[in-house]
Amino acid sequence: MRLEDFLLMRHELLLTLIAIIILIAEIFTDDFKKQGIRPLSIILMAIVTIVGFLPAPTGTLFGGMYQATDMRLMMKNILNIGALIVFIQSASWLKSDDNQNKVSEFFLLLISTLIGMNFMISSGDFLMFYLGLELATIPIAALAAYDRYSNKSSEAGIKLILISALSSGILLYGISMIYGTVGSVYFDKVSVAYGATPLQIMSFIFFFTGMAFKISIVPFHLWTADVYEGAPVNVTSYLSVVSKGAAVFIFSIMLVTVFQNIAAMWKDVMWITAAITMTLGNLFAMRQNNLKRFLAFSSISQAGFIMLGIIGGSELGMAAVVYYILVYIFSNLGAFGVIAAISNASGGKENMSDYDGLYKTNPALSLTLTLALFSLAGIPPVAGFFGKFFLFTAVAEKGYWWLLTIAVLNTIISLYYYLLPVKAMFINKAETSIAYFKSDGWTKVGLIICVAGMVIVGFASVIFEYIRTLSFGL
Amino acid sequence: MSSESLILFFIVGVFLVGGAIVFSTFVPPSSVNPNKSDTYECGIPTKGLSWLQFNVGYYLFAILFLIFDVETVFIFPWAVVMKQLGMVAFIEILIFFVILGLGLLYAWKKHALIWE
C-alpha cells in the first residue's frame, strides 16, 4: 500500500480533515471568536463539495474492502451537496442563544455521519458496510436530541438510537447467516456463491428488514414520524434526505450486485413493499397537521417511489434512482428550509393552520414552499416531474404494469395533500397570520440553491445523461 | 488438526474444568448459612431506594478511560508488525494518536475533567 492509493478515498479523507480543522478551531479559540466557526464550517464543506467533482482515479483498496467507481463517487457528491445545503440552512438556527455553546458539535457530528455514509457507499464487503452504517447512524441520534430543553427532542433521540440498534442487530444477524452459508463477506465472492437455499433466503429477509428500517419502508416505518417531529427541523431535513439517500444508494448497489442471483425473489418482495409503502405513506400523510410529521409521511411514500427504480434493476433504473435522490434533495430541503425559517422566526409554529394567509405576509417563502411541494408531487415543469417520469419508465420498461398503475394512482393521491399547505398559504383567510420577517443571508442562500436545483436539474438533461453513462460501471 | 488431537483436547478440557470443581469441594473449609444464598449485594441489605442519580461525571470519565483503553487494542497489533509495514503505517498510527489526543484536549477544554 502506497500513500498515493489514499487518493482513492479523498472524499472520506477530506471530510475527516475538515472535521479535525473544526475541532481544532473549537479547542483553540476564545469564546468571542467562536462566531467564526459557522462560516468556517460552511466554507470548508463547500470546498470539499467542489473538490469532490474533480475527476478522480478509481480502483479498489484494502483487498477489495473499499471500492471507488465513478458511480459511487457521483453518489458521494450528491450527498455532499445535500449536507452543504443543510449546513447553510442551519446557520441562522445555530445562532440562537440556546445553541451558542454547541455549534461546532453540530458540524462535527454531521460530518462524521457523512464520513460513515461515504465509507458505506464505497464498501466492498459487509464489514466495511456495517462499520460505515454505524458511523452514519449513531451520531445522528445525538443530533436528534440536540435541543436540550425539549422533551420531544430527547424522545426523538432515544427512539432513533433504539430503532437503529434494533435494525442493526437484525441486519447483523442476516449478514452472519450470509457469511455462514457462503464463507466470505466480500461482495464479489458472495454474489457468485449466493444461491436460493432456505437459509440464504432467510438471511436475505433479515438483511432486507434491517435496511427497510433505515430507509423507513412500510411496515418498518413506525419510528419515522415521531423522530422527524421531535428532532430539530434542520436535523430532520438531514435525516430525511441525506441519511435516507445514502441508505438507498448502498441498498440499490447491493441488490443489483450482491443479491443478483436471487433477483427474481427480491423483486417480488420489493414489489409488494413498494406498493404498500406508497399507499400507506400517502394515506397517513393526508391526516397530518404538523408539517414535520406531514413531510415524514411524505418521505415514506417517496421511499416507495424510489423503490420502483430499484425494481427496474436496469441501468436506466439505477440512473433514475440516483437522479431522483438528487432531485429529492433539492425539493425536500427546499420544503424543510422554509419550515425551518418560519419555525425559527415565529417561535416554533409548525402546524398547517399556522400557515393560513402566509402568501400575504411572506410571498417569497410561500412561493419557495409551493415550488418544493410541486416538485415533491411531481408536477411539471419542476425537476420532481422528470425524476418520477424516469422512475416510472424504468418500471414500465420491465413490464410491471400493475405496479406502475398503483404508482400513478398514488401520485394522484399525493397531489391532494401536497396542495393542502399551498391552499392554506394562498387561499385560506386568517385573522393573525405569521407576521412578515426578514430572513438572514444564509437562509436566503440555502433556499436559492434549492430553487435553482429544482429548476436546473429538471431542465438540464445533461445531468441525467451523465448519471446514466456512469451507471453502466456501477 | 486430526480427530485424535480434537478428542484429546476435549478430554483434557473436561478433566481440567471438572477436576477444578471437584478439587474445590474437598479442599476449602465449608460454611453454609442463609446469607450466602442471598442476592449479591456486598453482603449488606440495601438501605433506601436504589434509584439514585449518579454524578454524570462518572460516565464522562468512564468514556474517556474507555477510549484510551481500547486504543491499546489498536496499537498492539501494529507494534507486532511495525517493521514490515514501515513508514506509512507509522504515519497512520501517528495520525490516529493525534486525533485521540485532540479528543482529550476537547474534553479538557469543555471542563469535562473537573470533578465537582
Return yes or no: is A:Phe259 crowded, with 24+ Cβ neighbours inside 10 Å and not hydroxyl-bearing (Ser, Thr, Tyr)?
no
Could you tell me which numbered condition A:Ile50 fails, if it satisfies all but one of (1) more than 25 Å from the chain's Cα centre (by Cα); (2) under 18 Å from A:Ile115 (Cα atoms); (3) surrounded by fewer than 17 Cβ atoms within 10 Å (Cβ to Cβ)?
(1)
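Table: residues versus (1) within 16 Å of A:Phe106 (Cα to Cα); (2) aliphatic (A, V, I, L, M); (3) out of contact with any Asp or Glu (no Cβ under 7 Å at 6 or more places or on another chain); (4) surrounded by 14 or more Cβ atoms within 10 Å (Cβ to Cβ).
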position: A:Leu40; (1), (2), (3), (4): yes, yes, yes, yes
position: A:Leu44; (1), (2), (3), (4): yes, yes, yes, yes
position: A:Leu61; (1), (2), (3), (4): no, yes, no, yes
position: A:Ala68; (1), (2), (3), (4): no, yes, yes, yes
position: A:Met71; (1), (2), (3), (4): no, yes, yes, yes
position: A:Asn77; (1), (2), (3), (4): no, no, yes, yes
Residue list for the range A:46-61, restricted to those being over 18 Å from A:Met120 (Cβ atoms) and without any contact (Cβ under 8 Å) to a residue 40 or more places away in the chain:
A:Ala46, A:Ile47, A:Thr49, A:Ile50, A:Phe53, A:Leu54, A:Pro55
Please specify each residue of the range A:24-50 satisfying the condition of being in a helix (DSSP H, G or I), within 12 Å of chain B (Cβ to nearest Cβ) and farther than 18 Å from A:Asn99 by Cβ.
A:Ile24, A:Ile27, A:Phe28
Tell me, which helices (runs of 4 or more DSSP H) lie completely within the range A:270-369 with 2 or more residues that are over 20 Å from A:Phe426 (Cβ atoms)?
A:291-312, A:315-346
By residue number, the members of the range A:132-154 that are within 19 Å of A:Ser237 (Cβ to Cβ), in contact (Cβ under 8 Å) with a residue 40 or more places away in the chain and surrounded by fewer than 19 Cβ atoms within 10 Å (Cβ to Cβ) are A:Ser150, A:Lys152
So, A:Ser168, is that one without any contact (Cβ under 8 Å) to a residue 40 or more places away in the chain and either over 20 Å from the mean Cα position of the chain (by Cα) or closer than 15 Å to A:Phe126 by Cα (or both) or not?
no
Breaking point among (1) within 17 Å of the chain's Cα centre (by Cα); (2) closer than 17 Å to A:Met211 by Cβ, for A:Met128:
(1)
So in the range A:24-65, with the set limited to residues that are modelled with pLDDT under 85 and acidic (Asp, Glu), which one is farthest from A:Trp442 (Cα to Cα)?
A:Asp30
Close pairs (7 angstrom Cβ cut-off, 6 or more residues apart or separate chains): polar (S, T, N, Q) and modelled with pLDDT of 85 or more in the range A:413-438, in a helix (DSSP H, G or I) and surrounded by 18 or more Cβ atoms within 10 Å (Cβ to Cβ) anywhere
A:Ser414/A:Asn282; A:Ser414/A:Ser301; A:Ser414/A:Ala377
Got a sec? Which of A:Val321, A:Val338 is of a type outside the set (Gly, Ala, Ser), within 19 Å of A:Phe249 (Cα to Cα), touching a residue at least 40 places away in the same chain (Cβ under 8 Å) and crowded, with 24+ Cβ neighbours inside 10 Å?
A:Val321
Does A:Val185 satisfy the criteria of being within 30 Å of A:Gly59 (Cβ to Cβ) and β-branched (Val, Ile, Thr)?
yes
Extreme residue, nearest to the other protein chains (Cβ to nearest Cβ), among residues of the range A:1-12 that are exposed (fewer than 15 other Cβ atoms within 10 Å of the Cβ) and under 29 Å from the mean Cα position of the chain (by Cα):
A:Phe6
Those residues of the range A:188-224 which are farther than 19 Å from A:Met270 by Cα and buried (at least 22 other Cβ atoms within 10 Å of the Cβ) amount to A:Val190, A:Thr224
Single condition B:Ala112 does not satisfy, out of (1) within 14 Å of chain A (Cβ to nearest Cβ); (2) over 30 Å from A:Ala25 (Cβ atoms); (3) at pLDDT below 85
(2)
Of all residues in the range B:94-106, which are more than 10 Å from chain A (Cβ to nearest Cβ) and more than 23 Å from the chain's Cα centre (by Cα)?
B:Leu94
I want to confirm something. Restricting to the range A:13-23 and keeping residues that are over 17 Å from A:Asn118 (Cα atoms) and surrounded by 20 or more Cβ atoms within 10 Å (Cβ to Cβ), which single residue is farthest from the other protein chains (Cβ to nearest Cβ)?
A:Ile22
Considering (1) under 16 Å from the mean Cα position of the chain (by Cα); (2) of a type outside the set (S, T, N, Q); (3) within 11 Å of chain A (Cβ to nearest Cβ), say which one B:Ala62 fails and leave the rest.
(3)
Qualifying residue in the range A:229-242 (condition: surrounded by 19 or more Cβ atoms within 10 Å (Cβ to Cβ), part of a helix (DSSP H, G or I) and acidic (Asp, Glu)):
yes
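The values are calculated or read from the model by the stated rules, or taken from the named source; none is laboratory data. Keep in mind that what you see is a predicted model, and the values were worked out from it rather than measured. A quick note on method: Cβ atoms are made from the backbone with ideal geometry, for glycine too, and the neighbour counts reach across all protein chains shown.
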